[in-house]
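Novice: Take a look at this one; I'll ask things after.
The values are calculated or read from the model by the stated rules, or taken from the named source; none is laboratory data. Remember, predicted model here, so these are calculated numbers, not experimental data. Methodologically, a virtual Cβ is constructed for each residue, glycine included, from the backbone with ideal geometry; neighbour enumeration extends over all protein chains shown.
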Ligand SMILES: Cc1cc2nc3c(=O)[nH]c(=O)nc-3n(C[C@H](O)[C@H](O)[C@H](O)COP(=O)(O)OP(=O)(O)OC[C@H]3O[C@@H](n4cnc5c(N)ncnc54)[C@H](O)[C@@H]3O)c2cc1C
């Protein structure tokens with residue numbers, strides 16, 4: 001079966017699921033190779049590419065969220081069409097895909113090739129109280145919520161006579177010593193320290209970083225060692241080989257020491273698992289990721305490709321292992337997926353994936369960082385310069401604005417207005433879509449089956465319309481519901 005509308009005019013349709021590192025690059029490289037010879041539809045709930053490695057700087061008030069959110073329309077070739085929505089139906093054999101748009105309307109279309117690049121979501125371990133009391137850190141809403149929450153805690157502490165409550169409000173527990181937990185702690189500590197001083201508090205906020213292993217384990221030990229040293233020298237309470245047993249409304253219990261740490265802020269950065277979209281596809285998965293061959297094809301489905309965090313890609317640089325869930329791999333795999341899709345449509349030659357790590361940068365806030373580009377080891381200011389230079393080069397847009405924000409941050413005090421636009425129930429930890437706030441639909445939306453479905457338009461200049469609802473009467477058109485209120489709302 002082939003796609004309906006554009007195939008009628010001889011143009012194959014390629015649908016890309018996800019507009020992150022992998023999906024963005026896949027669409028871009030395919031468009032550059034095939035131009036108007038292909039109809040590319042990118043389905044993603046947000047209309048921007050999010051440069052995740054700088055998200056901790058948004059939470060710390062250094063960067064405005066739009067700096068790291070690059071509009072897809074501005075950065076992708078004009079021939080790529082963005083369909084706003086979340087894919088909720090995938091029929092790999094039938095070449096059909098369906099998604100729910102932000103107003104609750106269901107769309108469907110067919111495809112000739114599919115690229116699955118849906119990324120990952122928080123890994124929620126079965127630790128009592130965590131789903132209710134912890135916050136994740138994977139999207140702009142969570143970063144904005146955290147920034148406001150930290151400001152609120154410091155300001156409430158400044159007005160509080162009870163020393164126990166003040167201490168709890170000035171304590172932040174971060175669980176997970178990977179790059180997310182380490183960078184958020186590094187940036188967040190400096191932010192709250194300055195904030196507390198500006199609000200007249202004599203106490204320095206306490207940040208506890210809980211990690212099951214060493215910090216940044218899995219990366220070059222040089223990075224973890226330096227991060228550990230810098231954080232401890234600043235006064236961060238780094239607890240390696242420690243875990244959280246339970247979270248409650250007034251704190252967390254640590255398992256090895258048995259200590260109860262009173263806090264109003266628990267950040268859960270224990271890692272990620274692939275997007276739940278993959279769970280029901282009936283394909284081979286490895287640790288939740290779709291298994292693909294070295295050409296990024298899904299076995300048994302030669303028209304389906306997967307890349308990035310969502311895909312288990314054999315790592316030819318480390319035989320027997322799968323590539324790590326990093327931006328570096330996702331970006332390169334996306335680019336290759338674009339190339340291989342084009343090859344499968346008769347444009348160019350397919351290639352196998354192979355990429356050796358070029359190094360990693362870890363920004364620790366202030367002028368501290370650790371980096372190992374091409375195996376060279378940097379710390380302090382040189383690493384900080386390498387890290388910022390790397391980020392500017394790697395971002396697909398907004399570079400000047402980002403650099404200007406950095407200059408302003410070096411010269412001026414941070415802005416600490418608390419806008420309160422994202423509330424706690426909008427950022428539940430257990431969410432399939434951490435990139436969008438979960439507070440229902442912004443517009444009145446259709447509730448009956450017939451009016452909540454829409455046809456998918458052909459691209460301008462294409463022929464006939466796309467898949468009609470009648471083509472697949474069983475498919476559902478459920479609108480997303482409001483997320484349940486979380487006890488964090490009371491914090
Ligand atoms: C805070 C943080 C800091 C990080 N720092 C680094 C770093 O310094 N270096 C590094 O190498 N890596 C870092 N990473 C990891 C890196 O960001 C990921 O490995 C990378 O984003 C994976 O790219 P991806 O395209 O697979 O997924 P993503 O970039 O997450 O993109 C997934 C896309 O799929 C979309 N999507 C999801 N579900 C659906 C659906 N059902 N329908 C349609 N679209 C969907 C999402 O909206 C998103 O657009 C960091 C991650 C985080 C969270």
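Novice: Could you please give the count of residues in the stretch 252-270 that are surrounded by fewer than 20 Cβ atoms within 10 Å (Cβ to Cβ) and touching a helix residue (DSSP H, G or I) at 6+ places or on another chain (Cβ under 8 Å)?
Specialist: Final tally of qualifying residues: 1.
Novice: Does the stretch 288-296 contain any residue that is in a loop (DSSP other than H, G, I, E, B) and closer than 30 Å to residue 191 by Cβ?
Specialist: Within the stretch 288-296, none of the residues are in a loop (DSSP other than H, G, I, E, B) and closer than 30 Å to residue 191 by Cβ.
Novice: Continuing with the same structure: Check whether at least one residue in the stretch 314-323 is in contact (Cβ under 8 Å) with a residue 24 or more places away in the chain and touching a strand residue (DSSP E or B) at 6+ places or on another chain (Cβ under 6 Å), and report yes or no.
Specialist: Checking the stretch 314-323: at least one residue is in contact (Cβ under 8 Å) with a residue 24 or more places away in the chain and touching a strand residue (DSSP E or B) at 6+ places or on another chain (Cβ under 6 Å).
Novice: Somewhere in the stretch 369-383, is a residue exposed (fewer than 15 other Cβ atoms within 10 Å of the Cβ) and free of Cβ contacts under 8 Å to residues at least 12 places away in the same chain?
Specialist: Yes.
Novice: If we scan the stretch 196-203, do we find a residue that is touching a strand residue (DSSP E or B) at 6+ places or on another chain (Cβ under 8 Å), more than 18 Å from residue 56 (Cα to Cα) and either crowded, with 20+ Cβ neighbours inside 10 Å or not assigned by TED's automatic domain parsing to the domain that holds residue 135 (or both)?
Specialist: Applying the first criterion (touching a strand residue (DSSP E or B) at 6+ places or on another chain (Cβ under 8 Å)) to the stretch 196-203 yields none.
No, there is no match, as no residue in the stretch 196-203 is touching a strand residue (DSSP E or B) at 6+ places or on another chain (Cβ under 8 Å), more than 18 Å from residue 56 (Cα to Cα) and either crowded, with 20+ Cβ neighbours inside 10 Å or not assigned by TED's automatic domain parsing to the domain that holds residue 135 (or both).
Novice: Quick check, is residue 182 within 12 Å of the ligand (Cβ to nearest atom), outside any loop (DSSP other than H, G, I, E, B) and in contact with a helix residue (DSSP H, G or I) (Cβ under 7 Å, 6 or more places away or on another chain)?
Specialist: yes
Novice: Here's a follow-up. Report whether or not residue 230 is at pLDDT 90 or above, outside the structural domain of residue 309 (by TED's automatic domain parsing) and in a strand (DSSP E or B).
Specialist: Judged against the criteria, residue 230 is not a match.
Novice: Which of the residues belonging to the stretch 1-34 are modelled with pLDDT under 95 and out of contact with any strand residue (DSSP E or B) (no Cβ under 6 Å at 6 or more places or on another chain)?
Specialist: Across the stretch 1-34, the qualifying residues are 1, 2, 5, 7, 8, 9, 10.
Novice: Of everything in the stretch 336-366, what is buried (at least 20 other Cβ atoms within 10 Å of the Cβ) and more than 29 Å from residue 380 (Cα to Cα)? Give them in sequence order.
Specialist: 336, 337, 338, 339, 340, 341, 342, 353
Novice: Right, residue 115: at pLDDT 95 or above and either more than 22 Å from residue 53 (Cβ to Cβ) or part of a loop (DSSP other than H, G, I, E, B) (or both) or not? Give the steps one after another, and end with the answer.
Specialist: Details: at pLDDT 95 or above: yes; either more than 22 Å from residue 53 (Cβ to Cβ) or part of a loop (DSSP other than H, G, I, E, B) (or both): yes.
Yes.
Novice: Let me ask something else. Quick one: residue 125 ticks every box in (1) within 27 Å of residue 292 (Cα to Cα); (2) within 14 Å of the ligand (Cβ to nearest atom); (3) modelled with pLDDT under 95 bar one, so which box is it?
Specialist: Looking at each condition in turn, residue 125 falls short on (2).
Novice: Given the condition within 16 Å of the ligand (Cβ to nearest atom), modelled with pLDDT of 65 or more and touching a strand residue (DSSP E or B) at 6+ places or on another chain (Cβ under 8 Å), answer yes or no: does some residue in the stretch 467-475 qualify?
Specialist: No, the stretch 467-475 has no match at all.
Novice: Same structure, new question: Just checking: which of the strands (runs of 3 or more DSSP E) contained wholly in the stretch 297-383 hold 2 or more residues that are closer than 16 Å to residue 24 by Cα and within 16 Å of the ligand (Cβ to nearest atom)?
Specialist: Per the criteria, 301-306.
Novice: Does any residue of the stretch 120-140 turn out to be within 30 Å of residue 302 (Cβ to Cβ) and in contact with a helix residue (DSSP H, G or I) (Cβ under 8 Å, 6 or more places away or on another chain)?
Specialist: Yes: one or more hits.
Novice: If I filter the stretch 148-160 for residues that are part of a loop (DSSP other than H, G, I, E, B), within 16 Å of the ligand (Cβ to nearest atom) and either touching a helix residue (DSSP H, G or I) at 6+ places or on another chain (Cβ under 7 Å) or farther than 23 Å from residue 334 by Cβ (or both), do I get at least one hit?
Specialist: No, the stretch 148-160 has no match at all.
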